1. Grab the beta carbon distance between Glu104 and Glu58, set R0 = 30 Å, and tell me the FRET efficiency rounded to 0.05.
2. Enumerate the amide H contacts of Leu89 below 5 Å, restricted to partners 5 or more residues apart or on another chain; note that Pro and chain-start residues carry no placed amide H.
3. Mark the label point 7 Å from the Cα of Lys132 along Cα→Cβ and return the residues of segment 23-63 whose backbone N is within less than 15 Å of it.
4. What order do Met75, Met114 take when sorted by accessible area (1.4 Å probe), most exposed first?
5. Could you order Leu121, Leu24 by accessible surface area, starting with the largest, using a probe radius of 1.4 Å?
6. So which trypsin sites (Lys or Arg not before Pro) in segment 1-96 end up in coil per DSSP with only 15 or fewer other C-beta atoms within 10 Å?
7. Label-point separation (nm) for Lys32 and Ser49, each offset 7 Å from Cα along Cα-to-Cβ?
8. Mind checking which lysines have their Cα closer than 23 Å to the Cα of Lys18? Skip sequence neighbours fewer than 8 apart in that chain.
Amino acid sequence: LILGGSVDEPEIDIVRRKFGDVNLQFLGIDGKNVEGYRFDFLDFNNFSSVIDIGFDAELALCTGVVEHLWNLHSMFQNFERLLKPEALLWITFPVSQYPHGSPEWFSAGYSPEMIKKIGELFGFEAINSGYKGNRRNYLFRHILHLWPEIGEDIMWSYYWPIFSYIPREGN
């Protein structure tokens, strides 16, 4: 179960390499780039949305979504309702404040400990949590406005436009 992502998520490739072709279903606000897989709209900020995914998910991936949500309690309520107790939930998010992406960006200054504690309020048990990356990675993202990607070699695949940080009237 892909919570708010697309087929481009690197974690999907890891799961496919490990387990072969898997049944993917996407939930979120944007059905673009899901390449013919089932997509259902779900606003994670809203707990009143009711959805039946039609199967018991064993693994749910939520990658790069948390910083685009303003209601983390509702997010975990939705996760609790969607997943059976023995399902695994993988959540990743930036830990530093860096405005990016669309449709909305609210915050990314969360610590893994905070997300873990909110998850525990809803009955989730953390198997593991922590930080991925290093100071050099954050330097490239925040000061040099480069997005380092790891592949065959390190390449600079995305340049953040400096004008996106200039406050505009009303913001």
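1. Taking R0 as 30 Å, the efficiency between Glu104 and Glu58 is 0.50.
2. Ala60
3. 60-63
4. Highest to lowest solvent-accessible surface, that is Met114, Met75.
5. Leu121, Leu24
6. Filter output for segment 1-96: Lys32.
7. 1.7
8. Correct list for Lys18: Lys84, Lys132.
The values are calculated or read from the model by the stated rules, or taken from the named source; none is laboratory data. Keep in mind the model is a prediction, meaning the values are calculated, not measured. Using ideal geometry, Cβ is built from the backbone for each residue, glycine included, and neighbour counts are taken over all protein chains shown. Surface accessibility is based on the protein's heavy atoms, side chains included, excluding ligands, DNA and RNA. Shrake-Rupley method; radii C 1.70, N 1.55, O 1.52, S 1.80 Å.
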